[in-house]
Every structure is written in C-alpha cells, then in structure tokens.
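The values are calculated or read from the model by the stated rules, or taken from the named source; none is laboratory data. All values derive from a computational prediction rather than experimental measurement. For neighbour counting, all protein chains shown are included, and Cβ atoms are generated from backbone atoms with ideal geometry for every residue, glycine included.
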Amino acid sequence: MTRLGLALALLVSGSAFGQGFGGKLILTGGVSQLEGAAGGGLTPWAVIGGYGSRDQIGANAWYSRVDVDDYTLDAFGLMAGFYDRLELSYARQEFDTRAIGAALGLGRGFTFEQDVYGAKLKLLGDAVLDQDRWYPQLSLGVQHKRNRQGAVVRAVGAEDDSGTDVYLSATKLYLAQSLLVNGTLRYTEANQIGILGFGGDQGSGSLEVEGSLAYLLTRKLALGAEFRTKPDQLSIADEDLWWDVFLAWAPTRHVSLTLAYVDLGNVVVADQRGAYLSVQVGF
Amino acid sequence: MRILLFTLLLAATPALSQAPVPNPAPAHPELRAVLDEFGGMPGLRALMDDFMVILLDDPRMRPFFENVDQQRVKDKLAEQFCVILGGDCVYTGLDMVESHKGHEIRHADFNILVEDLQIAMERRGISTRAQNQLLAKLAPMYREVINK
C-alpha cells in the first residue's frame, strides 16, 4: 500500500504542475502488461508508458488480476516514462496454485512469487504521429525476472530461478483505419513467463512471437486481441501459447480499466481460461 | 530549360536548397465522404467556432490563442480542413512553419491541441472513424508545427 501511496502522491503532484505533464494523447501510452511494460494486457508494445511527451515524464501504478479455472494471478507494479524515450518498470507477480498446490504436494494455496525489473528504449519512429511513413515505432526492451521460490522451481525441473528476457517491439497506429498493430519478438528462457522458473530438460531459451491488434472504438475505448507464444521446456508440463480478447477504457488520462477474456492453455493442468481485470492510475 | 534554371537557382540559394516546407493543405479527393460527414464547409465553420471556445477555455491552450486574430485562425483552419478532405475550397493561409513562428510549441502543446480538436469533433457528433481519417492527414504536420 505504500507503493500505491507513492503513486498517488506522484499523481497529485503531476496534476498540480499542469502544463508540465500529460502531453500525450489519451490511451496512446497503452496499458500495463502482466510483466510491467506498457502494452496490451499480455504483450509489450513499442510505446513508452505514461502520458509524458518528448519534453516530459509520466508515471503510473497498476494492479491486474487473472482468474482462470484453477489459478489466480495477482500482479501489480510501477512504471515511469522519461521524455517518450525510456521506460523503467517494476512488477510483482503472485501466482496462487489454490487446490492444484495440494495435488502437487506443495500445499493448498501455494503461491509462486516473481519480481520483474524492466527497461524499454525507443529506437525510432512515432507510432501515433508518423502517419505518412511506412515504418513503425521500434523499441528494445529487457525484463529481468527473479522467481522467489527457487527450490520449488528447480524441483519441477527448471534450470534456474532467474532470467532475462530481451524483446524488440514494433507498433504502428493506422489512424485512418483506427487500428493499432503490434508485433514483438522476444528471446526468453522463462517457463510460464518465469512463474515456473527458467530453462528445463527440454530446452534453455528460444525466440518467441507476440502480436496485438486493437481497434479504436472511440479515443477513450479500444477493443483488441493479443497472443504470445512461449517456450515448452519442462517435460512434466506442456506449455501453450496465451491469448486474450480485451476492452480497454480510459475515462480520463489518469485512469484506465482493462477487461479481458484470457486463455492460458495448459498450466500443469489443461484449459486454463477466465477473466483478466486491470486498473491503472497515473499521469 | 525553365525547370533546369529553377533547379540551379535552388541549389545556389542556401535558404531555398533546404528541404521545402510541405504543402499545408494537400488535397485528398478520396476523403470527400469524410467532408460530407463533417457537414461540408458550413459544418467546418461551425466546428471551428466550437473548437476556438474549447481552446480559449483550456488554460494550457489559451496563451496561444487569446492574443491572435481568432476569426482569421478559424477561417484558415476551415479552409485547410476543407481542402484536405477533398472539398472545392482554396487554402489562403501560411505554411505550417510560418503560421506557428510567433509561438514556442512543444510536443505536449501539439497533442493537447489535437485532443481539444477531438473533443470539438465529438461534440458535433462526428464519428471516431471520420475524425481519425482527418487526424491521419494532420498528424505528420507535427514536424513543422513543433518548433521548440
């Protein structure tokens, strides 16, 4: 809660300065994806988070909850965007195994926790304003992940309890079509984004593809879909791609709400589908 | 021959040999249907009346507009949008560098103005799709408009 307090203090001070903050168009900073980067709900975009334009800084705090058949995932974090060029983020994920934990001998409600430290640098382009150019906004990002249940993830077959993802994201808003398109290439060693550790008996790292499409219903409301492929490195449990269909709404530039139907596929147990809800506050 | 002379003249004149300022009102006949949705030139004039009220009411935008000839700004914007949307109009204003010279305009200022324009279009009931088709033609002008 002190984190939220800090974010609210930042928010209030941001509003007080008025002209010095919030110079980006509404929703164009994306929302917060599960690992803390600005993007859709599951995948990072090339945009820099927060509402700071090229002369400003922006920041936000967020909380997301994924509630699928046998698990819940709570994630929250902080993100700051500097001069529409550099984004720094921190995210905490808490993956509650509920009854499955008991079946696996971990204990009912056993929870995997992970910290994710992220950075994203815009390389070129402007996803929103360069409407007369063919090339997208391109950004390079890293996500350093530290799983807090090292002994358990090694016991299920992971090689390591920490790892670093590197990704390249391309995002372009086709404004005349009201359509945002994103593609991300990610090198990762993570099993289930790191919740089950890094590397395994069937592999230790691969290049994965992620994509998002979003249609702007209004300037404050977007309907979209995303997917991300993932490695499959643990022989004890197949891993599937994740996808979702989402509705993101920003009633003001200080708040956004994202609601999604998400399919995580097989996570030790098959067919994990359910709801995704995310709230972001910032400036 | 005249083209060759003109080219030589351009090359010999340092100020002119730099990249020319893009046309502030490139015509897009394919957007004629969008102009119809805006209500033609009368609709654009009404939009500009609303837009200027919103700009003057926005403390972030008021400093840019309170001491200018507001009627002229509205007239030139209506002409510019009309030409861009394929209308039978003529743009009689300055290019986008010249017309913004008297002000220090940052990225944030540009985006806040776009947002105020979106609010004005929303209030006139123009669809998001039509709004975005116009904004797609205006957005690249940020390169000339932003001068700070």
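Observations
- Check on B:Leu135, part of a helix (DSSP H, G or I), touching a residue at least 12 places away in the same chain (Cβ under 8 Å), within 14 Å of the chain's Cα centre (by Cα) and within 20 Å of A:Ile26 (Cα to Cα): yes
- All conditions in (1) under 30 Å from B:Asn132 (Cβ atoms); (2) out of contact with any strand residue (DSSP E or B) (no Cβ under 6 Å at 6 or more places or on another chain) hold for A:Gly107, with the sole exception of (1).
- Residues (assigned to a helix (DSSP H, G or I) and touching a residue at least 24 places away in the same chain (Cβ under 8 Å)) located in the range A:151-176: A:Val152, A:Val153, A:Arg154, A:Leu175, A:Ala176
- Condition met for A:Ala237 (assigned to a strand (DSSP E or B) and either free of Cβ contacts under 8 Å to residues at least 60 places away in the same chain or among the small types (Gly, Ala, Ser) (or both)): no
- Yes/no for A:Ala214 being surrounded by fewer than 22 Cβ atoms within 10 Å (Cβ to Cβ) and of a type outside the set (S, T, N, Q): no
Here is a yes/no grid of residues against (1) assigned to a helix (DSSP H, G or I); (2) not polar (S, T, N, Q):
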position: A:Gly101; (1), (2): yes, yes
position: A:Arg108; (1), (2): no, yes
position: A:Glu113; (1), (2): no, yes
position: A:Gln131; (1), (2): no, no
position: A:Tyr135; (1), (2): no, yes
position: A:Leu140; (1), (2): no, yes
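- Looking only at the range A:115-127, residues that are part of a loop (DSSP other than H, G, I, E, B) and out of contact with any Lys or Arg (no Cβ under 8 Å at 6 or more places or on another chain) come to 1 in all.
- As a summary of the residue check, A:Gly81 satisfies the conditions (1) under 30 Å from B:Glu144 (Cβ atoms); (2) in a loop (DSSP other than H, G, I, E, B); (3) without any contact (Cβ under 8 Å) to a residue 60 or more places away in the chain except for the one numbered (2).
- Some residue of the range B:114-128 being farther than 25 Å from A:Phe21 by Cβ and at the interface with chain A (Cβ under 8 Å from one of its Cβ atoms): yes
- Any hit, the range A:32-43, residues being away from chain B (no Cβ under 14 Å) and either farther than 25 Å from A:Leu247 by Cβ or over 13 Å from the mean Cα position of the chain (by Cα) (or both): no
Residue-wise test of (1) in contact with a helix residue (DSSP H, G or I) (Cβ under 8 Å, 6 or more places away or on another chain); (2) modelled with pLDDT of 95 or more; (3) crowded, with 19+ Cβ neighbours inside 10 Å.
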residue	(1), (2), (3)
B:Phe65	yes, yes, no
B:Asp69	no, yes, no
B:Cys82	yes, yes, yes
B:Gly87	yes, yes, yes
B:Thr92	yes, yes, no
B:His103	yes, no, no
B:Leu117	yes, yes, yes
B:Arg123	yes, yes, no
B:Asn132	yes, yes, yes
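- Yes/no for A:Gly52 being within 13 Å of chain B (Cβ to nearest Cβ), over 26 Å from A:Tyr167 (Cα atoms) and either assigned to a loop (DSSP other than H, G, I, E, B) or within 15 Å of the chain's Cα centre (by Cα) (or both): no
- Candidates A:Asp115, A:Asp126, A:Asp96, A:Asp160, filtered to the one that is acidic (Asp, Glu) and under 30 Å from B:Lys137 (Cα atoms): A:Asp126
- In the range A:177-189, the residues that are at pLDDT 95 or above reach residues that are basic (Lys, Arg) with C-beta atoms within less than 6 angstrom, at least six apart or across chains, in these pairs: A:Ser178/B:Arg129; A:Val181/A:Lys172.
- Answer residue from the range A:120-149, given it is under 13 Å from A:Val47 (Cβ atoms) and of a type in the set (D, E, K, R) and is surrounded by the most Cβ atoms within 10 Å (Cβ to Cβ) among those: A:Lys120
- Taken over the range A:246-258, the criterion of being part of a strand (DSSP E or B) and surrounded by 15 or more Cβ atoms within 10 Å (Cβ to Cβ) is satisfied by A:Phe246, A:Leu247, A:Ala248, A:Trp249, A:Ala250, A:Ser256, A:Thr258.
- Yes/no for B:Gly93 being more than 9 Å from every other protein chain (Cβ to nearest Cβ) and farther than 21 Å from B:Pro26 by Cβ: no
- Residue that is farthest from the chain's Cα centre (by Cα), among those in the range A:116-139 that are among the hydrophobic types (A, V, I, L, M, F, W, C) and under 20 Å from B:Phe110 (Cα atoms): A:Leu129
For (1) part of a loop (DSSP other than H, G, I, E, B); (2) under 12 Å from the mean Cα position of the chain (by Cα), each residue gets a yes or a no:
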{"site": "B:Ala78", "(1), (2)": "no, yes"}
{"site": "B:Phe81", "(1), (2)": "no, yes"}
{"site": "B:Gly87", "(1), (2)": "yes, no"}
{"site": "B:His103", "(1), (2)": "yes, no"}
{"site": "B:Leu113", "(1), (2)": "no, yes"}
{"site": "B:Gln118", "(1), (2)": "no, no"}
{"site": "B:Glu122", "(1), (2)": "no, no"}
{"site": "B:Gly125", "(1), (2)": "yes, no"}
